[in-house]
1. Would you mind stating whether Thr143 is over 18 Å from the mean Cα position of the chain (by Cα) and surrounded by fewer than 18 Cβ atoms within 10 Å (Cβ to Cβ)?
2. Mind checking which residues of the range 186-214 are at pLDDT 95 or above, within 24 Å of Cys74 (Cβ to Cβ) and out of contact with any strand residue (DSSP E or B) (no Cβ under 6 Å at 6 or more places or on another chain)?
3. Quick one: how many residues across the range 67-103 are of a type in the set (A, V, I, L, M), within 18 Å of the chain's Cα centre (by Cα) and within 22 Å of Leu149 (Cβ to Cβ)?
4. Out of the helices (runs of 4 or more DSSP H) lying entirely within the range 40-155, which hold 3 or more residues that are over 21 Å from Ala170 (Cβ atoms)?
5. Could you run through the range 63-92 and say how many residues are over 17 Å from Phe117 (Cα atoms) and in contact (Cβ under 8 Å) with a residue 60 or more places away in the chain?
6. Tell me, which residue of the range 150-164 that is farther than 16 Å from Ile235 by Cα and of a type in the set (A, V, I, L, M) is surrounded by the fewest Cβ atoms within 10 Å (Cβ to Cβ)?
7. For Ala291, all conditions in the list (1) hydrophobic (A, V, I, L, M, F, W, C); (2) outside any helix (DSSP H, G or I); (3) buried (at least 17 other Cβ atoms within 10 Å of the Cβ) hold save one; what is the number of the exception?
8. How many residues does the range 326-360 contain that are of a type in the set (Lys, Arg) and surrounded by 15 or more Cβ atoms within 10 Å (Cβ to Cβ)?
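The values are calculated or read from the model by the stated rules, or taken from the named source; none is laboratory data. Remember, it's a predicted structure, so these values are computed and weren't measured experimentally. Every residue, glycine as well, gets a Cβ built from its backbone with ideal geometry; the counts of neighbours run over all protein chains shown.
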Amino acid sequence: MIEEIFRQQKIRAPSAPRWGFGASKLLKACPDTHLSLEQVDFDMPRILVFGSGSVGVLYGFLLHKAGAHMVCVCRSNYHIARLHGFTIESTVFGKHSFKPAIVRSVEEAVSLDNHPFDFVLVCTKAISTSQASVATALLPAMTSDSTSLVIIQNGLGVEKEFARLSFPGAIISGVTYSPTSQIAPGVYSHSETQRLAIGCYPAAEHSKHKDRLSSLSALLKAGGSNVTICEDIQIERWKKLIGNTTWNPICALSRCRDLELLNTSSLATGFVRKAMQEVVAVAAASGYAAAITEEVIDVQLLRSSAREWPGVEPSMMADMLVSNRMEVEAIIGKVVMIAKALDVDTPRLETMYVLLSGLDWSLQAQK
């Protein structure tokens, strides 16, 4: 098992092995292998993170913990990260600090080593007006078929701008549940859970790139991550949208966390449920009726009602409070447009989409 992982990742034999901790972790994540630690003298994968915010830092930490050589592209947090690295305060993993290589651009990251990256993680916000520029910025790092692109973003259709550039390697799409926020410069709070579902984009490429998926999964598991490989990752995107397409706009527009909102009115739970039912109806019309059912709604509502007061602050609410751009199109706009194309009635989602688009515009106009 692990021998195949090494072959597929095209990992190099190092001049000065830096395995140690990372090797033992990876071997433990691959219990079927017959290799011993002494028999392994391969270098660990090189991984680039583009978007070193909450999600990027969390997965950068997990990959660093597995022993991977990490390079992070930073912009606004460049100086803090270069001096002090990152700190994760997690209820799941504990408190840890790590110092990856910090660069300002993809070009600088590529210049550090003449070997290609094994994986390039995109963990930026899925802002419709910037997806194309993010994809273009990655071009210098995506010249080898041994480099796989890993897109960990919210919403629907986030892979399309990257796919248009026809990178030679695999495109892996990721859906994460990992509540993480920055609480101080370079310091991030992570709580509740960490789950990542990964699959090829498009789904038809699954068989072709399943070894790359296995490689990434094994590496993340070596760092302690909860990872699932999916043959059709869009199922997981729709499942997450049941909560994201509803709670994100609702909390941003109301300025209430999820549990706060549920306690403001006797109509609140019913409104949220009906909005979630609209997402399920769109998913069903899109061909996912068997996988996306109302049972997921019950799970989402139970999860929110069981939280400690005052509940969770979704990413859109956090962005709204500091006047950052919100992921309007990826999280709710795409769902509304698909609903219209398929003639599915979504009055609540349409209303929230219009209001949220207006709020996003006004926040940027005030800057």
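1. Working: over 18 Å from the mean Cα position of the chain (by Cα): yes; surrounded by fewer than 18 Cβ atoms within 10 Å (Cβ to Cβ): yes.
Against the criterion (over 18 Å from the mean Cα position of the chain (by Cα) and surrounded by fewer than 18 Cβ atoms within 10 Å (Cβ to Cβ)), Thr143 qualifies.
2. Residue satisfying the conditions is Gln194 alone.
3. So in the range 67-103, the residues of a type in the set (A, V, I, L, M) come out as 68, 70-71, 73, 80-81, 83, 88, 92, 101-103.
Imposing the further condition that a residue be within 18 Å of the chain's Cα centre (by Cα) reduces the set to 70-71, 73, 88, 92.
Filter once more, keeping what is within 22 Å of Leu149 (Cβ to Cβ): 70-71, 73.
Adding up the residues that qualify gives 3.
4. Numbers: elements: 54-65, 78-84, 106-111, 131-137.
Filter on the range 40-155 gives 54-65, 78-84, 106-111.
5. 13
6. As a first pass, look at the range 150-164 and keep what is farther than 16 Å from Ile235 by Cα: 150, 160-164.
In the following step, the residues that additionally are of a type in the set (A, V, I, L, M) were identified as 150, 163.
Working: Val150: 24, Ala163: 15.
Top of the filtered list is Ala163.
7. So the condition that Ala291 fails would be (3).
8. Here is the first cut: in the range 326-360, the residues of a type in the set (Lys, Arg) are 334, 340, 348.
Within this subset, residues satisfying the condition of being surrounded by 15 or more Cβ atoms within 10 Å (Cβ to Cβ) are 334, 348.
Matching residues across the range 326-360 total 2.
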